[in-house]
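Before any comments, here is the structure.
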Amino acid sequence: MKRLWFIQILLAISLCSAAQKADFKAAEKFRADNLTPKYGDLAVNANWIEESDIFWYSFKTSAGKNFYYVDAAAKSKQSMFESKFMAAELRKLTHHPYNDLDLPVKDIKFDKKSITKFTFVVDSMKFNFDITTQKLTIKDSLWKEKKLPSWTTYSSDSTWIVYAKNHNLYLMKTKDKDSVEIQLTTDGERYYSYARNSEDTIKNKKVKSNAEWFKNSKKLYVERQDERKVKDLFVVDVLAQPRPKLKTYKYSMPGEEFVPQSELVIFDLVSKKHVNVDLKKWKDQTINVEWSSQKNADKLILIRKDRPLKTLDVCLVNAETGALSVLFSEETWPYFNDEYSRLSVLNEGNDIIWWSERTGWGQLYLYDGKGNLKNQITNGYFVTGRVERIDTLGRMLYFEAFGKEEGVHPYYSMKYKASIDKGGTTLITKEGANHSFSMSKSNKYFVDTYSTVDKIPEAVLRDNNGNVIMKLEKADLSQLFKTGWKMPETIVVKAKDGVTDLYGVMYKPFNFDSTRKYPVISFVYPGPQTESVQYSFTVTGGKNVALAQLGFIVVNFGHRGGSPMRNSYYHTFGYKALRDYPLADDKYGIEQLADKYKFIDISRVGIYGHSGGGFMSTAAILSYPDFYKVAVSSSGNHDNNIYNQWWGETYNGVTEIEKKIIRKEEQKDSLNKNKDVEIIFKGTVDKNQDIAKNLKGYLLLVTGDLDDNVHPGNTLRVVDALIKANKRFDFMMLPGQRHAYGNEIPYFDRLMWYYFAEHLLGDYRTNVDLLDF
């Protein structure tokens, strides 16, 4: 009897073990590269022809690729050419065969005088085609793409070229056969340069400058950065031949004394003289030119911000004298929302449209050219996003907004229009979905492709009131569905405060069995500038679809402190808690999902992410070591004190301090006149290595050795702390890889699969080849 009982136990264990084998073949089958041939185009890219209400587009389905010509006013759609006919005509002229199901037609350009005639390129030949007559002729049998030299910036009238050489600014006439150079500056040097690449060390070579032209081509201006005192950072290219090579670059970090200093210089082409704009107000301020006058080249409008990013001025600059005046100012706390904060200038500077979170929700406001508030354009408890189009003649604004419609997902980009002068917001895309926007120059029509994560993309043509006047395309997923692919599911959970809704997506194995128990893996990116959650249609969900096929439930939802599509309280929630703010929400959200869905095994929880997600996933397993069992963290900014200055100071804060000093009279400058104090800034961020001692589960740290964005030192400092804490962990350095290696190296995807399979499924098979499942 005991023997029978023992055999039953062994059998049960064996069955359980077999049920927990990772399905590597399914994961490989549904990896992004392998899915691409299974579906065609997911959106219509409308190419509007000149000033007309006619556009063309190409669209690929499982039946082939076709090209269409649409007249919006006439509500008509026709093929630009029949593909078999075009393939045959090309064969006649070139003697080469072509696949009529996927013609290699590119560089389509319509005739400015006749909107039924266009040129296109196939291989190295250029052709003329007339839609009306269906006649194809060779225009150029030895066509070569004419690429402008990379160093040129042409004036609006195409008579001048501006460029940089040896870090100084130069001019040249476009039709000057002798290529006579006019040198405009002599004070340029490395890291205090007029060149776009201030690190350039090649002498006497023409390179792209930082110069921008006024529209009338009479003046140009340069936003110049002085980085000479900014400290160096280094990475080593170990794969360089014949010897490893050191790469040095300037990189300012939070709280450092020396950060880039902004300047603005305006140049006059007639006199060849320049004026330096007096920008001084705050120590270590930044500027950004938003607009230059169109007719007379007499003024600029710029935004000036203080270093803590709590105060800004919108300023008017006299382009003749360099004099600066403040049009209006704004203060906020804890920081300005740079993702949606925009300024648009109309009517030669007499109207200014400004985005502001002054009410807690981003709205649009109209100011006059003197900085007086004229009216509020949008108003309500929702967030306006990008301005899509400004109809200056009709005084109408077209824009996206989030969270305005009751019952519609608050992250869907819905499109609206409003009168610039009277306000009043009108919805012009009524379907609850993410919408795109491509409008004709007449502002009468726009093309909209809309979808959700669980709705197939559809493209329609609308009038400017949002009425659908023509259905264009619906994505063809027939071949994808035949593979067994299925759509993910949307989820909603509460944040740890119990009242805030968090939105996300759940990915399941395509052979999902509701009677089984599955480990759960959370894919994370904390923001604060965005949430990496898919709300439009997605085939792959990044890496999530493939990962789920191993035998996991993969969830991906936002956290307080994430998306700026919500109100200012939501997206600034993590201020001064950059390491810890999203962790409690992620844990609480997973717990709610496990309560709701009995197939989720709350005892087997994994987490992964890249960059900020790498930072968060490591922080999670170190902060809640009894909850998260496995983490894979790639290229994480684990120590934001050595990540870039803007990130740490914006999202975690920087303190302005007055330091008492003894200063000689000749050392006093305009910012510290008659003061025995000097302004300095301090800012520190909690870091992952400080809690390395908490590790209990399995942690895989990965970084590229050439990452000059999130320096490898971020990961290596955690590695060092784990070693000192005598913790077992795993670490992979990817040679020759920068920050975004994850999408280029299939090896990393498979390494992550292997790691989760081992430690969440207990699948320790040693004969699995990472390069060929």
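Every residue, every condition in (1) within 32 Å of the chain's Cα centre (by Cα); (2) free of Cβ contacts under 8 Å to residues at least 12 places away in the same chain; (3) part of a strand (DSSP E or B), yes or no:
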site: 115; (1), (2), (3): no, no, no
site: 121; (1), (2), (3): yes, no, yes
site: 126; (1), (2), (3): no, no, yes
site: 129; (1), (2), (3): no, no, yes
site: 138; (1), (2), (3): no, no, yes
site: 145; (1), (2), (3): yes, no, no
site: 148; (1), (2), (3): yes, yes, no
site: 151; (1), (2), (3): yes, no, no
site: 157; (1), (2), (3): no, no, no
**Prompt:** Do you know which residues across the stretch 546-569 are among the hydroxyl-bearing types (Ser, Thr, Tyr) and touching a helix residue (DSSP H, G or I) at 6+ places or on another chain (Cβ under 9 Å)?
**Reply:** 563
**Prompt:** What number of residues within the stretch 492-533 satisfy the criterion of being in a strand (DSSP E or B) and not basic (Lys, Arg)?
**Reply:** 15
**Asked** Of all strands (runs of 3 or more DSSP E) completely enclosed by the stretch 293-350, which ones contain at least 1 residues that are hydroxyl-bearing (Ser, Thr, Tyr) and more than 21 Å from residue 646 (Cα to Cα)?
**Response** 324-331, 343-346
**Prompt:** How many residues, within the stretch 209-261, are in contact with a strand residue (DSSP E or B) (Cβ under 7 Å, 6 or more places away or on another chain) and of a type in the set (Gly, Ala, Ser)?
**Reply:** 4
**Item:** residue 524 being modelled with pLDDT of 95 or more, more than 23 Å from the chain's Cα centre (by Cα) and hydrophobic (A, V, I, L, M, F, W, C)
**Value:** no
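May I ask you to verify whether residue 667 is at pLDDT 95 or above and either under 19 Å from residue 254 (Cβ atoms) or more than 26 Å from the chain's Cα centre (by Cα) (or both)? Spell out the reasoning first.
Values: at pLDDT 95 or above: no; either under 19 Å from residue 254 (Cβ atoms) or more than 26 Å from the chain's Cα centre (by Cα) (or both): yes.
No: the conditions fail for residue 667.
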**Leading residue by the ranking (farthest from residue 165 (Cα to Cα)) among those in the stretch 176-195 that are polar (S, T, N, Q) and open to solvent by 30 Å² or more (accessible area, probe 1.4 Å)** = 179
**Request:** Return yes when residue 723 is modelled with pLDDT of 95 or more, more than 21 Å from residue 21 (Cβ to Cβ) and not charged (D, E, K, R) and no when it is not.
**Result:** yes
**Request:** Run down 64, 40 and say which single residue is open to solvent by less than 30 Å² (accessible area, probe 1.4 Å), without any contact (Cβ under 8 Å) to a residue 60 or more places away in the chain and farther than 18 Å from residue 140 by Cβ.
**Result:** 64
**Fill in**
Given (1) within 19 Å of residue 532 (Cβ to Cβ); (2) touching a Ser or Thr at 6+ places or on another chain (Cβ under 9 Å); (3) among the polar types (S, T, N, Q), residue 650 misses just (2)
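Tell me yes or no: at least one residue of the stretch 714-722 is touching a strand residue (DSSP E or B) at 6+ places or on another chain (Cβ under 7 Å), in a loop (DSSP other than H, G, I, E, B) and surrounded by 18 or more Cβ atoms within 10 Å (Cβ to Cβ). So that I can check it myself, show each step before the final result.
Filtering the stretch 714-722 down to residues touching a strand residue (DSSP E or B) at 6+ places or on another chain (Cβ under 7 Å) leaves 715, 718-719.
Checking which are in a loop (DSSP other than H, G, I, E, B) leaves us with none.
No - not one qualifying residue is present in the stretch 714-722.
Do we have any residue at all in the stretch 472-482 that's of a type outside the set (Lys, Arg), in contact with a helix residue (DSSP H, G or I) (Cβ under 7 Å, 6 or more places away or on another chain) and modelled with pLDDT of 95 or more?
Initial filter on the stretch 472-482 (of a type outside the set (Lys, Arg)): 472-473, 475-481.
Then drop every residue that is not in contact with a helix residue (DSSP H, G or I) (Cβ under 7 Å, 6 or more places away or on another chain), which leaves 479-480.
With modelled with pLDDT of 95 or more added as a condition, the list becomes 479-480.
Yes, the stretch 472-482 has at least one match.
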**Request:** Just give me the residues in the stretch 67-78 being open to solvent by less than 60 Å² (accessible area, probe 1.4 Å) and in contact (Cβ under 8 Å) with a residue 12 or more places away in the chain, in sequence order.
**Result:** 67, 68, 69, 70, 71, 72
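Report yes if residue 502 is out of contact with any His (no Cβ under 6 Å at 6 or more places or on another chain), among the hydrophobic types (A, V, I, L, M, F, W, C), open to solvent by less than 30 Å² (accessible area, probe 1.4 Å) and more than 25 Å from residue 386 (Cα to Cα), otherwise no. Don't jump to the end; show me each part of the working.
Working: out of contact with any His (no Cβ under 6 Å at 6 or more places or on another chain): yes; among the hydrophobic types (A, V, I, L, M, F, W, C): yes; open to solvent by less than 30 Å² (accessible area, probe 1.4 Å): yes; more than 25 Å from residue 386 (Cα to Cα): no.
Here the answer is no, as residue 502 does not meet what is asked.
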**Message:** Suppose we filter the stretch 630-646 for residues that are touching a residue at least 24 places away in the same chain (Cβ under 8 Å), out of contact with any strand residue (DSSP E or B) (no Cβ under 6 Å at 6 or more places or on another chain) and either of a type in the set (Val, Ile, Thr) or surrounded by fewer than 24 Cβ atoms within 10 Å (Cβ to Cβ) (or both); how many remain?
**Reply:** 4
**Prompt:** For the stretch 534-597, list the helices (runs of 4 or more DSSP H) that sit wholly inside it and hold at least 2 residues that are of a type in the set (A, V, I, L, M, F, W, C) and in contact (Cβ under 8 Å) with a residue 60 or more places away in the chain; which are they?
**Reply:** 544-548, 583-596
**Request:** Any residue in the stretch 174-192 that's among the aromatic types (Phe, Trp, Tyr): show its pairings with residues that are open to solvent by 60 Å² or more (accessible area, probe 1.4 Å) at Cβ separation under 8 Å, as long as the two are six or more apart or on different chains.
**Result:** 191/228; 192/225; 192/228
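Can you tell which of 144, 92, 126, 117 is surrounded by fewer than 14 Cβ atoms within 10 Å (Cβ to Cβ), closer than 27 Å to residue 50 by Cα and among the basic types (Lys, Arg)?
Values: 92 fails: closer than 27 Å to residue 50 by Cα; 126 fails: surrounded by fewer than 14 Cβ atoms within 10 Å (Cβ to Cβ); 117 fails: surrounded by fewer than 14 Cβ atoms within 10 Å (Cβ to Cβ).
So the residue among 144, 92, 126, 117 that is surrounded by fewer than 14 Cβ atoms within 10 Å (Cβ to Cβ), closer than 27 Å to residue 50 by Cα and among the basic types (Lys, Arg) is 144.
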**Request:** Scan the stretch 49-60 and report the pairs whose first residue is farther than 24 Å from residue 102 by Cα and of a type in the set (Gly, Ala, Ser) and whose second residue is modelled with pLDDT under 95 and surrounded by fewer than 21 Cβ atoms within 10 Å (Cβ to Cβ), with Cβ atoms within less than 7 Å and a gap of 6+ or a chain change.
**Result:** 52/115
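The values are calculated or read from the model by the stated rules, or taken from the named source; none is laboratory data. Remember, predicted model here, so these are calculated numbers, not experimental data. Positions of Cβ are generated from backbone atoms using ideal geometry, with glycine treated the same way; all protein chains shown enter the neighbour counts. Only protein heavy atoms, including side chains, enter the accessible area calculation; ligands, DNA and RNA are left aside. Shrake-Rupley method; radii C 1.70, N 1.55, O 1.52, S 1.80 Å.
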